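The values are calculated or read from the model by the stated rules, or taken from the named source; none is laboratory data. Keep in mind that this is a model prediction, so the values were computed, not measured. Ideal geometry is used to build each Cβ from the backbone, glycine not excepted, and the neighbour counts take in all protein chains shown. Just so you know, the surface numbers come from the protein's heavy atoms only, side chains and all, with ligands and any DNA or RNA stripped out. Shrake-Rupley method; radii C 1.70, N 1.55, O 1.52, S 1.80 Å.
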Amino acid sequence: MPYDPAPPPVKPYIPATAQLPELTWRALIMGTVLGMVFGASSLYLVLKVGLTVSASIPVAVIAITLFGLAKKAGGRESTILENSITQTAGSAGESLAFGLGVTMPAIMILGFDLEISRVMLVGILGGLLGILMMIPMRRTMIVDQHRELKYPEGTACAEVLKAAATPSSREAAGEVRLEGSDEAKAARQRAFIIFGGFGLGLLYKVLSISLKLWKDTVNFVFGAPLKAGSAGAEISPELLGVGYIIGPRIAMTMAAGGVLSYLLLIPMIKFFGELLTVPVSPGTMLIKDMGPDDIRSAYVLYIGAGAVAAGGLISLVRSLPTIWNGLKGGLSGIGKKSTLDSSRGAAPLRTDQDIPLKWVLIGCLGIIAVITFAAPLHMNLLGALLILVFGFLFSTVSSRLTGEVGSSSNPISGMAVATLLFTCLIFLLMGWTGGRYYVTALSVGAIVCIAASNAGTTSQDLKTGFLVGATPRLQQYAILAGALASALVLGPILLKLNDAGTVYVPAAQVAPHVTVDAAKLTQTAQLQGPQADADHATYKVWQKTDTAGGPAGKYLVRDDGTLAYLVDPGINGQFHTRPDGSEVKKYDAPKAVLMSYIIKGILDQQLPWTLVVFGVMIAVVLEMAGVNALSFAVGVYLPLVSTLPIAIGGAIRWMVDRRNSTLPQYAGLDEEEMQAAGDRSSGTLLASGYIAGGALAGIIIAITAGVLTGFDNRMTKWAEAMNPFFAGVDADVLSLLPYAAICVLLYWVGREKAKR
């Protein structure tokens, strides 16, 4: 029976018959560069707190602004379709960063080197695969189910693009408005806010981290009756912005998980274990000698990992009806012909042209072939087939869920957990256990996770294009180019962030009596970063997989077999201070740690399952009480210093929304409509600027840490001797003053004026 699609339920802003500049070189290059910038900031966030925020609206606003500046400098006026292409190409970086940050660090946590070739291959293959798998489902998900699947970020982005449309675009859309209209003024105001937030976030971070004008983390440790309890906050603009954007409900739920860990679990373990005379496994110290961070590392991390795993799987199970409907819809959309301009077989409408299905199939088969035979992935045919099956399954699911609940609530990490669980169980049944299969299993999960993440982002972009009247085929080319470019830069950034925080700990401190047969070791390495100035020797590399005589991990070994250094990585490392006393920034990478636990727990049965089950039961109890277990569980795993500033941002958003809801223009809006209005507000733009500026400053500081070691040490010594905001009994309280200033500014900008 021939396919006879119903006409689109809405009329696109730019008609299908209009011909405007769209996929231009300047639009593609600008979008690709912005995608790399926001991808870098998103990678920084996912390593710190395990989540990202959508980059679509900030990229769209920046594109509009930069094109406007180019016009004032004598360039050509941009069109709304060019702005859409820029936004589409720029959104790929954020989704790739999430997938890479959730999975790739687990390779290093499992004891393997984080090779640049492997990271880049996984990013490229996963990103391209997710986009290609989404293309055949576009008509079903975006067009036919327009009313059912809202795609909130995509819809909001379309409104931003339409509000800032240039005169030529308005003319093509049938509108005639003046350059100096209220919409044009509003567009300039939005641009000023987001760029101002970017500059302020960057400046704040430089003054705090580089110039040591105030502490970047405040912490308060309690005595009895909450012995070993503590509360603190990393007073940074990027985490404040994250809390504002995700809103009070999720932000407060995450902070509640941190409160459970630091003000209940840790003090409780200290209380019951203080009189014990032997260490309690998996800990290696007496509990009475442990501080809050020691107890968290030995026990609470496993509880949090169990809660995160259970929360992700529960979210996945709850989505099973949607998964089934999405699969049926996706399969039914494959092979549908394009909408025709007439019943006589004319060319397809411009707004209904996709990349031809044959090229999609060829691309998917090529990707699977590369996955199978690429040496850095350590993949086999079964792994490639699992990627194909799980990739299509979860790309379809991700697209559907993104349309219903938005990108921020899409349980991508839960899908990655499910993929890893099934993959590891299959490997276990086939007898494929041990370290050689760690990378294979993780590569399967990583590529599927990235593919699912990018499929959801592609769906949001195609929704934006559907509403503004873009050409889908050109959007698909743009996001493929953006994904490829972002994958090429995110790998080196990931490795550089890890290297900047790596500490070489003298082995005499951690494993003084361990020796190995150095003749059997083939790999060699030298110290990297600031510590390399004092030691230029070449050592053998030994991967210690057990905890006998010292912690497991990567060691540098002398020729006589004695251990020289424990290589404590920047991601999930335990030592925050170098031997010379200088501090380094570490990244908790909570979801990557979870992936490593799943692989090691199933393939090698090396998990303290009792603690993991405690975490599982926390998630189950929360779900029984009607609380989102996944958000709470992430808070249990993360340090409270990371979740508390997110809660502060959420609280400011609550106050702003509560005040704005009393304005006449919002009378009669329900909760969902108020949420959507808040997502498009000035406060959200400033928060996005905070995130981009603060995160990029953190990346730049990390990358230059090796070069500026002397400067950093001098500034630290000056601040400790002369600056009461950095050292002294009142430093924690005084450091809150500049933080309070950016909080007040965020509230003030978020407040709107009443419209009569």
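Listing for the model above:
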{"quantity": "Residue-normalised accessible area of the chain, given per residue in Å² at a 1.4 Å probe", "calculated": "41"}
{"quantity": "Built amide H within the under 5 Å cut-off of GLN353, gap 5+", "calculated": "ARG473"}
{"quantity": "Listed residues TRP25, TRP214, TRP748 arranged by accessible area, highest first, probe 1.4 Å", "calculated": "TRP25, TRP748, TRP214"}
{"quantity": "Where only C-alpha atoms are counted, convex hull volume of the range 499-608 per residue in Å³", "calculated": "116"}
{"quantity": "The range 572-668: relative contact order in percent, alpha carbon pairs under 8 Å with at least 6 residues between", "calculated": "15"}
{"quantity": "Accessible area in the full protein assembly, largest first, 1.4 Å probe, for MET137, MET624", "calculated": "MET624, MET137"}
{"quantity": "The chain: angle of helix 682-703 to the longest principal axis, Cα-based, in degrees nearest 10", "calculated": "40"}
{"quantity": "Fraction of accessible area attributable to carbon and sulfur, the chain (%, probe 1.4 Å)", "calculated": "64"}
{"quantity": "Whole-number percent relative contact order across the range 187-291, with pairs defined as alpha carbons under 8 Å at least 6 apart", "calculated": "18"}
{"quantity": "Under Karplus coefficients 6.51, -1.76 and 1.60, residue-wise ³J(HN,Hα) of the range 213-221 in Hz, glycine/proline x", "calculated": "6, 7, 5, 8, 9, 10, 8, 10, 9"}
{"quantity": "Viscosity 1.567 mPa s, 4 °C: Kirkwood-radius Stokes-Einstein D of the range 449-548 over Cα pairs, µm²/s", "calculated": "70"}
{"quantity": "Highest-first arrangement of 219-226, 594-601, where packing means the average Cβ count within 10 Å", "calculated": "594-601, 219-226"}
{"quantity": "Under 5 Å, built H, 5+ apart or other chain: amide partners of ILE14", "calculated": "GLY469"}
{"quantity": "Kirkwood Rh in Å, taken over all unlike Cα pairs in the range 211-273", "calculated": "13.4"}
{"quantity": "FRET E, pair GLN543, ASP730, Förster distance 30 Å, beta-carbon r, rounded to 0.05", "calculated": "0.05"}
{"quantity": "Long-range amide H partners of THR217 with built H, under 5 Å", "calculated": "ILE235"}
{"quantity": "Between the range 233-265 and the range 476-527, the alpha-carbon center distance in angstrom", "calculated": "29"}
{"quantity": "Spin-label zone in the range 540-567 - amide nitrogen under 12 Å from a point set 7 Å from the Cα of LYS520 along the C-beta vector", "calculated": "543"}
{"quantity": "Packing-based order for 652-658, 124-130, 283-289, using average beta carbon neighbours within 10 Å, highest first", "calculated": "124-130, 652-658, 283-289"}
{"quantity": "Per-peptide average of other Cβ atoms within 10 Å, ordering 684-692, 731-739, 637-645 highest first", "calculated": "684-692, 637-645, 731-739"}
{"quantity": "P(r), alpha carbons of the chain - 20 Å bins starting at zero, rounded %", "calculated": "17, 51, 28, 4, 0"}
{"quantity": "Whole-number percent relative contact order across the chain, with pairs defined as alpha carbons under 8 Å at least 6 apart", "calculated": "28"}
{"quantity": "Helix axis angle, 609-624 relative to the chain longest principal axis, alpha carbon, degrees", "calculated": "40"}
{"quantity": "Solvent exposure ordering (accessible area, 1.4 Å, most first) of THR351, THR662, THR577", "calculated": "THR662, THR577, THR351"}
{"quantity": "Karplus (6.51, -1.76, 1.60) ³J(HN,Hα), θ = phi - 60°, over the range 99-114, in Hz, Gly and Pro reported as x", "calculated": "x, 5, x, 6, 10, 4, x, 4, 4, 6, 4, 7, x, 9, 6, 8"}
{"quantity": "Relative counts (whole %) of C-alpha pair distances in the range 21-89, using bins that are 10 Å wide", "calculated": "22, 46, 22, 9, 1"}
